[in-house]
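Notes for the one structure printed next.
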Amino acid sequence: MEQMIFVNLPVKDLDAAKRFWTGLGYSFNPQFTDENAACLVFSDTIFAMLLTEPFFKKFTKKDIADASSSNETIIALSAESREKVDELVDRALAAGGTPAIETQEHGDFMYSRSFHDLDQHIWEVVWMDVEKAREQGAAQG
C-alpha cells in the first residue's frame with residue numbers, strides 16, 4: 001500500500017473553505033466530509049482535512065495558531081509547469097486568497113508562487129524540472 005498523507009487544518013468557515021477549494025478545481029471525498037470536516041482531495045494519496053476549529057481542538061491540547069499573525073506551516077503543491085503554477089495561484093487569488101511570499105525564480109529549473117487561503121494558511125505552488133535541478137546540484141557540489 002502506498003503511504004498517504006492527510007494534512008489537518010483548522011478553518012473558521014467550513015462552507016467558505018469548501019467553496020474556495022472547489023473554485024480552484026479540487027473535489028472533496030464525501031465519505032469523510034460532514035458538518036465538522038471536509039476531506040480535500042489533491043491526489044490518490046494526498047489529502048487535506050479541513051476541520052472546523054471546535055472539531056480541530058478535539059485533537060490537540062495546544063492553542064490553535066492564528067495563521068493571520070503566526071505561521072504554523074507552509075504546504076507546497078507541485079505543478080506540472082510554470083504556466084500551471086500561475087494558473088492555480090491566479091485562481092486562488094481570484095477566489096479570495098491573498099498573496100503570500102514573493103514569486104521565487106531559480107533559473108530554468110524551479111519556479112514557485114504562493115497564496116494564503118481564506119484562513120491564512122500558506123500554500124506554495126512549485127514547478128521544478130527535476131533533471132535540471134539535479135544537474136544544477138551536481139555542478140555546485
task = Specify which of the listed residues (R19, R113) is at pLDDT 95 or above, surrounded by 11 or more Cβ atoms within 10 Å (Cβ to Cβ), out of contact with any strand residue (DSSP E or B) (no Cβ under 9 Å at 6 or more places or on another chain) and basic (K, R).
result = R19
remark   = Apart from one, (1) of a type in the set (G, A, S); (2) outside any loop (DSSP other than H, G, I, E, B); (3) not assigned by TED's automatic domain parsing to the domain that holds F20 all hold for A48; the odd one out is (3)
message = Looking at Q3 and the list (1) outside the structural domain of R113 (by TED's automatic domain parsing); (2) polar (S, T, N, Q); (3) modelled with pLDDT of 95 or more, which single condition is not satisfied?
response = (3)
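Among the aromatic types (F, W, Y) and free of Cβ contacts under 8 Å to residues at least 40 places away in the same chain: does that describe F42? Explain how you work it out, then say what you get.
Working: among the aromatic types (F, W, Y): yes; free of Cβ contacts under 8 Å to residues at least 40 places away in the same chain: yes.
In short, yes.
Would you confirm, using the coordinates I've provided, whether T60 is more than 14 Å from the chain's Cα centre (by Cα) and under 27 Å from E131 (Cα atoms)?
Details: more than 14 Å from the chain's Cα centre (by Cα): yes; under 27 Å from E131 (Cα atoms): no.
Spelling it out, it is not the case that T60 is more than 14 Å from the chain's Cα centre (by Cα) and under 27 Å from E131 (Cα atoms).
Report yes if S78 is among the small types (G, A, S), within 17 Å of the chain's Cα centre (by Cα) and closer than 30 Å to M1 by Cα, otherwise no.
Values: among the small types (G, A, S): yes; within 17 Å of the chain's Cα centre (by Cα): yes; closer than 30 Å to M1 by Cα: yes.
Criteria met by S78.
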query = L88: within 22 Å of H116 (Cβ to Cβ) and not assigned by TED's automatic domain parsing to the domain that holds R113, yes or no?
reply = no
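The values are calculated or read from the model by the stated rules, or taken from the named source; none is laboratory data. None of these values were measured; they are calculated from a predicted model. Backbone-built Cβ (ideal geometry, glycine too); neighbour counts: all protein chains shown.
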